[in-house]
Amino acid sequence: MTVGKAIKHESAIQHVTGSAVYVDDRVKIEGMLTCWPVLAKYARAKVISINTKPALAMDGVLTVITAKDIEGKNNTGAIVSDEVLLAETNISYANQAVAWVVAENEDIARKAARKVELELKELKPILTIKDAIKQKSYHGEPQKMARGKAKQALKNAENTMTNEFEMSGQDHFYLETHASWVIPDNEGNYTVYSSTQHPSETQSTVAHVLGIASNRVVCISPRMGGGFGGKESQANPFAAIAALAASKTGRAARVRLNRELDMKLTGKRHPLLAKYKLGFSNTGKIEALDINLYSDAGWSTDLSHAIMQRSLFHIDNSYFIPNISITGYACKTNKTSQTAFRGFGGPQSIVIIENIIDDIARTLDIAADKIRETNFYKEGQETHYGQVLNDVRLEKVWKLAKANSNFSRRKAAIKKFNAANKYKKRGLAITPLKFGISFTFTILNQAGAFILIYTDASIQLNHGGTEMGQGLHTKMLQVAASSLGVSYERFRLMPTATDKVPNTSATAASSGSDLNGQAVKAACETLKSRLANVAANMLELNAPEDLSFENDFVSAKNNPKNKVSFNDVVARAYFEQVSLSATGYYRTPNIYFDNESGKGVPFYYFSYAAAVSEVEIDAFTGMFKLRQVDIVHDVGKSLNPHIDKGQIEGGFVQGLGWLTMEDFIWADNGHVATFAPSTYKIPTIAEIPEHFEIELLEKSPQAGVIYGSKAIGEPPFMIAISVREALKDAIASFSDKNQTVNLALPATPEATLAAIEKVKAIDEIKTS
Amino acid sequence: MLNYYMQKQAISFELNGKKETVDNVSATTTVLEYLRSSGKTGTKEGCGDGDCGACTIALINEDIDGNKSYQAMNSCLMPIAAIDGKQVFTVEGIANKTLHPVQQAMVDSGGSQCGYCTPGFIMSMFAGHYSDQLSDESIEGNLCRCTGYVAIRKAAKTITKAKSNDKFAKKLKTKPKANKSIELALKGHRYFSPISLNDVFIYQAKYKNAVLIAGATDLGLDLSNKRRDFPVLISLENVAELKQINESSESLEIGAAISLSQIEHKLAGRFDVLDTMLKFFAARQIKNRATIGGNIGTASPIGDLLPVFLALDAAVNLQNANQKRAVLLAEYFTGYRQTKKEADEVIISVTIPKKEAGLKRLSHSYKIAKRGTDDISIVAASFVIDLNKENKITHARLAYGGVAAIPIRAIAAEKYLLNKSWSKKTILKAKEILLNEFTPLDDLRASASYRNSIVANLFEKFFVEVKL
């Protein structure tokens, strides 16, 4: 069985030799045109006029696309139709595209774009969450979830706390920026190559912008140079622009954003503001939480409601909160339209509750890990949205992480170190994770696959998921090879294409291998049952169900020597006029959610993890060093430990970036100020400690999931919160007094130094 | 009179062992643009800024002593004219029938996920493999957003030293070619690569719009992302007079066109302020191209070598067709990106005086940024303190970058320190002075008040951490 083996990424050799082809690496198409945008300079404005003539007069400029060229819908909103593709009357964010120049090459297109004359009347923009709240500028209605009586419980609580917590957004910084090629066939059909996590939606967006039926558009997502949610909905407009260019000129057309455009035009992780009242007992038990979340959703809705909903689902992280009232607002501001990003609103609310736990611990002078344990969910308890928790693995991962990291011994050693060192302080923290797996919009939990066996017994595998580096294709090959009992090398994994598997969901919500794996397996089962009949005849057996498919042979279960090769069965099947291709389909059973009541069973299961991190802070500068990380992760029965560990390492480090260094800044005029890696810093190898250990929870198959595995894409991002908590632990040690730590997110050196100064200042007040 | 020179209408170089001649692009087309537009798409553009390393290629370069090595470079910042006559290697050209050892190591460790950054990592590791320096430091200039680097580090650790009979190692043993001045005329663009200073002056006089470059890591940004046009470039890369290190009993003179990687290597252990700053200066790809002359010529208030040279009392040596003069770096900067250099002058070297005998010297540099490595400074600082036998301060230099329109010394604090004893009391008083010494600005990197705190705190950190 290939499933469970630490097989290399299916494209690893192409990656290291430079032969892996991404959208913009395809063999050049004769006469392909390049599109470049004309950008609005104000964050909010009225469009007075657009004069494209000076650009059109240039040699090499084919056309300039404006709203007038759109024969279909001038809208690319994924869920709500509030996302104008080309601004006609209103500018809603700085650098919104008003027109796209289509030219023979990029140089000409860029020069011409500067020549388009744009007359705008500037209006006062809304640029902060607080401004949006003041002006009640929201996308849709607020979402609510509640249990118990939060207000009453707050009154009765032994301790209360009122607080605010604001956090910054995050740029995806996938290494491959957005890219789309569209090739017309001059019969009214279009082939779209797009770096998209959601080919079906890219297909339907292109179709409705062009005003044609979806069956005229084939969207192919070859492989992405990273996605992380940033290509879930936001690839669509760029594919649509390339399609408009192709449709208008009859020639192939491409859009490829350079890094600056990518960072200025596309959405980020939602910045978020939380305002809350907390009630807790003298033993540190959370009694009540009344909390409002305000996300900075930007100018259009995009996926912001679903993202806010996930924030509402995950405010509890791993803790039972008996009385809770939570309301989420998606603030409409004049910024890029914020979008999906690994964790999908989960990180924002989980960092809040972890921050709260630490505040409780420092208020009561009880160790934070004890407060966490006190509040852990127990088997059979219900979440605030009414889902009963079964097979809770919190204690398991927690105890193992503590043991693996020598938590209590190191805690004591750090105490000693801090007492002996005035200018360097260390901190240690452990944080847990419980993360719900499934699309919370239940109907999205479906997937398809399509397998084609050729008469030489080579096989093409198609499924609806896209490959962005996460190793989904590798896992799907393993599933198919294991199900059919044939060698992995027999397969060619086909680029994800809407003419092979239609109506797919985005590869998102960590669900890629859960959903597509089951669909692949279903297709394999269909093929096996057909081939079993053929093989049974060949082996002169009566009952096809007595057959076993293994190691490229089909054999009788009770007499393994009576066997025939898979190749021979396939060849024979063709002669017996048996179909050698099959589709597979899967929908997740038994999940639902009622938006009205805020109750249901939105998740098929939960993933669990715990991480221990140790940091050392320099008192003079606020800079820190991450010294050690120990992680225990529940991945069920891993489909591929090699790939799962890679996901954990990568997710954790991406979370580390968000929490400690990725300072995404909008200038006062609403322009993105950090639009290049020179000012927006993601982690490098120098930030990674030598000691970075991962243990996958053993013997923990998940019932009802493909080969007992569990999702792994998003969860590890959120255990990086242990680093932030460790920083706070170190900061707190700059004072002898018990006090909560107020640390900004991201914890830049400046923010950390400010938090240290604050802790010292309170110390001085208390001492005097 | 000009030296013997060669006029060419095409660029020729060796790409992955095969000769290529290019005559249909301008001299300022970047190497990355050329590679990708000619179908060699293994090399990627991640940022076009020299910050992500996805475009890394390897070049065989000769150091100032004529030794050859493979050097990783950002192809997005290099004008194609800069590779004329060079041997260039990309990710497509290092596997034979089997994968190259660095490629195999990355496959085995799981060092690639989406794979988009991988070609850059491979080429950084390839260059490191042949210089026996393969470590984290070789790949700090390569960003990966998927793996978290754990598997990549594992790959780097498993790669053993290159065998001397290795095909690529053998290429380093060939004899260097004699240098000639080269004049390139390509699609209306001129690119001069003279080998003597005299030729530089002749070209400069002839082409008033000429821009001087060396590693072009700054100008490369204009070529790459801004697509600015430079009709005439004069490269100082091969000018012999700018590639020397001369030492006398009083001073050390470092040529302006020597790459920072070479300086890091050749002057290691000589000046602690220089060693500690170069470690954090930039990623390897940039250090392989950037020069001292470039860092001074750009005259940025956040040029990280400038506080180093200020702290060392260095002088800039300038020369034009008629004369040579030295200007103390402390007097060189006159305003934001303004200097005393005249338009016809060329920065030829930096002279660092040696310290007085019989004194104990304490020195160190610091760089504070949002990210520990490969970031632009919030504040950079270089401190030099000389103590006599009585532990009294006889010489104090506290130089900073990022706190004013120019790189600057803390004169008031330096004055205060003179003749004081090197003690906690002295330092705390100096900190008070330092807190008010500068009026820095708020910007994307940090607030003015953080900068003020850091200016003072770093000096105390220096006192606490640098041992007598």
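Some points to look at:
- Our summary gives chain A a relative contact order of 15 percent, counting only alpha carbon pairs under 8 angstrom and 6 or more residues apart.
- With neighbours defined as other Cβ atoms within 10 Å of a residue's Cβ, the residues A:ASP729, B:ASP443 order from fewest to most as B:ASP443, A:ASP729.
- Region A:691-768: trypsin sites (Lys or Arg not before Pro) falling in loop per DSSP and having at most 11 other Cβ within 10 Å: A:LYS699
- Each residue of chain B gets 152 Å³ once the volume of the Cα convex hull is shared out per residue.
- From the alpha carbon centroid of region B:175-226 to that of region B:412-453 is 42 Å.
- Charge tally around A:MET32: other residues with Cβ under 10 Å, Lys/Arg +1 each, Asp/Glu -1 each, net +2.
- Residues whose amide H lies under 5 Å from that of A:SER581, counting only those 5 or more places away or on a different chain, are A:ILE453; hydrogens are built 1.01 Å from N in the peptide plane.
- Cβ-based exposure ranking for B:SER300, A:SER613, A:SER678, in which fewest neighbours within 10 Å come first: A:SER678, B:SER300, A:SER613
- Reachable lysines, given that their alpha-carbon falls under 26 Å from the alpha-carbon of B:LYS170 and they are not under 8 places away in the same chain: B:LYS18, B:LYS19, B:LYS40, B:LYS68, B:LYS86, B:LYS97, B:LYS157, B:LYS161, B:LYS180, B:LYS243, B:LYS266, B:LYS287
- Note, ³J(HN,Hα) from phi for region B:461-466, Karplus 6.51, -1.76, 1.60, rounded to Hz, x at Gly and Pro: 4, 4, 4, 6, 9, 8
- Of the trypsin sites (Lys or Arg not before Pro) found in region B:377-452, the ones in coil according to DSSP and having at most 16 other Cβ atoms within 10 Å of their Cβ are B:LYS389, B:LYS420.
- Look at B:SER112, B:SER196 and count the other Cβ atoms within 10 Å of each Cβ; fewest to most, that gives B:SER196, B:SER112.
- Its convex hull of Cα atoms gives region B:360-465 a direction-averaged projected area, equal to a quarter of the hull surface, of 6.3 nm².
- In loop segments of region B:243-289 as defined by DSSP, the trypsin sites (Lys or Arg not before Pro) with at most 15 further C-beta atoms inside 10 Å of their C-beta are B:ARG270.
- Relative counts (whole %) of C-alpha pair distances in the protein assembly as shown, using bins that are 20 Å wide: 11, 38, 37, 13, 1, 0
- Interchain or long-range residues, amide H under 5 Å from B:LYS86's placed H: B:GLU14
- For B:LYS187, a cut-off of 20 angstrom between C-alpha atoms picks up these aspartates and glutamates, skipping any fewer than 8 places away in its own chain: A:ASP59, A:GLU104, A:GLU106, A:ASP107, B:GLU20, B:ASP23, B:GLU33, B:ASP84, B:ASP222, B:ASP229.
- With a cut-off of 12 Å between beta carbons, the residues surrounding A:ALA481 carry a summed charge of 0, where Lys and Arg count +1 and Asp and Glu -1.
- Built amide H within the under 5 Å cut-off of A:MET623, gap 5+: A:ASP618
- Computed from backbone phi, the HN-Hα couplings of region A:683-691 come to x, 10, 4, 5, 8, 9, x, 4, 8 Hz, rounded to whole numbers (Karplus: 6.51 cos²θ - 1.76 cosθ + 1.60, θ = phi - 60°; Gly and Pro given as x).
Readers should treat all values here as calculations from the given coordinates under stated rules, not as data from a laboratory. The shown structure was predicted, so the numbers you read here are calculated from the model rather than taken from an experiment. FYI the Cβ positions are ideal-geometry reconstructions off the backbone, even for glycines, and counts take in every protein chain you see.
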